[in-house]
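Working notes, beginning with the structure itself.
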Amino acid sequence: MTKTDQSQSGQAYTGADNLEVMKDAINYNRYLLDLIRHHADGARTVIDFGAGSGTFAVPNASAGFDLVAVELDDALRAHLAGRGLRVAASTAELPAGSTDYAYTLNVLEHISDDVAALRALRVSLKPGARLLVYVPAFQILYTSMDEKVGHIRRYTRRSLRASVEAAGFAVERVAYADSIGFFATLAFKLADRGSGDINIRLLKIYDRLVFPLSRALDLLTHRWFGKNVVLVARNPA
């Protein structure tokens, strides 16, 4: 949801340029797309909660999912509609108990009341429907980039589990991801000049050369640290 609380105050989303830059993170985006599809579990109807510019909504709709892209930002939502997607400004526009699966990637960290947002999302899901959540990890990694794009918080495994369970979901799995990214972000923080901009050249180097190694290392480190947190839950019957 790339605008969240900013949109409620009428402000434009300040991180749209970073959304465009992240399209160059080929391995990272492929990993997230694979993650979405791995946990789809035969779902037909799908919610992309906080669809942004459609990085994942577009290929998933093209793959045959009956997908609705929920995006609060007016300009981004118009962009999504222009790409042929079914869109909604909030989950309140969706029928209750209508959806098999929902995923939300790098969205909850923007929302002041993340539990309320998750509760509203749960209303749209069928009993037994699965939820996939991916968010930034560890407040110590908060940088000017977080500030620029409107991140309110970064999570730990425990804090994300607490929010999701408070919304009524049953958590099945929660783990850290991108272990080397933890140290890369610390290095970025030490050199941070406050602009919040992503260096495209360094992004591509990390994505092509380091990220695959980081994902392999996650098999050993997923309980203790990583740049992000991944959670899988179910809407109880």
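The values are calculated or read from the model by the stated rules, or taken from the named source; none is laboratory data. Remember, predicted model here, so these are calculated numbers, not experimental data. All Cβ positions, even for glycine, are placed from backbone atoms using ideal geometry, and neighbour counts span all protein chains on display.
Given the conditions (1) out of contact with any Pro (no Cβ under 9 Å at 6 or more places or on another chain); (2) buried (at least 19 other Cβ atoms within 10 Å of the Cβ), report the number of the one that D146 does not fulfil.
(1) is the only condition that D146 fails.
Would a scan of the stretch 94-114 turn up a residue that is free of Cβ contacts under 8 Å to residues at least 40 places away in the same chain and in contact with a Lys or Arg (Cβ under 8 Å, 6 or more places away or on another chain)?
Taking every residue of the stretch 94-114 in turn, at least one turns out to be free of Cβ contacts under 8 Å to residues at least 40 places away in the same chain and in contact with a Lys or Arg (Cβ under 8 Å, 6 or more places away or on another chain).
I'd like to know if the stretch 63-71 contains one or more residues that are under 21 Å from V21 (Cβ atoms) and under 17 Å from the mean Cα position of the chain (by Cα).
Yes, that holds for at least one residue.
Here is a list: R208, R215. Which entry is farther than 13 Å from V174 by Cβ and surrounded by 17 or more Cβ atoms within 10 Å (Cβ to Cβ)?
Result: R215 is the single residue among R208, R215 that is farther than 13 Å from V174 by Cβ and surrounded by 17 or more Cβ atoms within 10 Å (Cβ to Cβ).
Select from the stretch 105-136 the residues that are of a type in the set (A, V, I, L, M) and assigned to a strand (DSSP E or B) and list them in ascending order.
Correct list: L105, L125, A129, L131, L132, V133, V135.
When the residues of the stretch 66-104 are narrowed to those that are among the charged types (D, E, K, R) and part of a helix (DSSP H, G or I), which ends up surrounded by the fewest Cβ atoms within 10 Å (Cβ to Cβ)?
Across the stretch 66-104, the extreme among qualifying residues is E93.
Among the candidates L190, L231, L160, L186, single out the residue that is farther than 30 Å from R119 by Cα and at pLDDT 95 or above.
Residue meeting the stated conditions: L186.
Is it the case that G196 is buried (at least 16 other Cβ atoms within 10 Å of the Cβ) and either farther than 25 Å from L132 by Cα or more than 20 Å from the chain's Cα centre (by Cα) (or both)?
yes
Among the residues of the stretch 88-132, which ones are of a type in the set (S, T, N, Q) and within 16 Å of Y155 (Cβ to Cβ)?
Of everything in the stretch 88-132, those that are of a type in the set (S, T, N, Q) and within 16 Å of Y155 (Cβ to Cβ) turn out to be T104, N106, S112.
Quick check on my filter: what residues within the stretch 168-186 are closer than 23 Å to G150 by Cβ and surrounded by fewer than 19 Cβ atoms within 10 Å (Cβ to Cβ)?
A184, L186, listed by residue number.
Any residue in the stretch 96-111 that is among the charged types (D, E, K, R), under 16 Å from the mean Cα position of the chain (by Cα) and modelled with pLDDT of 95 or more?
yes
Of all residues in the stretch 41-56 being out of contact with any Phe, Trp or Tyr (no Cβ under 6 Å at 6 or more places or on another chain), part of a strand (DSSP E or B) and β-branched (V, I, T), which is surrounded by the most Cβ atoms within 10 Å (Cβ to Cβ)?
I47
Filter the stretch 218-237 down to the residues that are surrounded by 15 or more Cβ atoms within 10 Å (Cβ to Cβ) and either of a type in the set (D, E) or not in a loop (DSSP other than H, G, I, E, B) (or both) and list them by number.
D218, T221, N228, V229, V230, L231, V232, A233, R234, listed by residue number.
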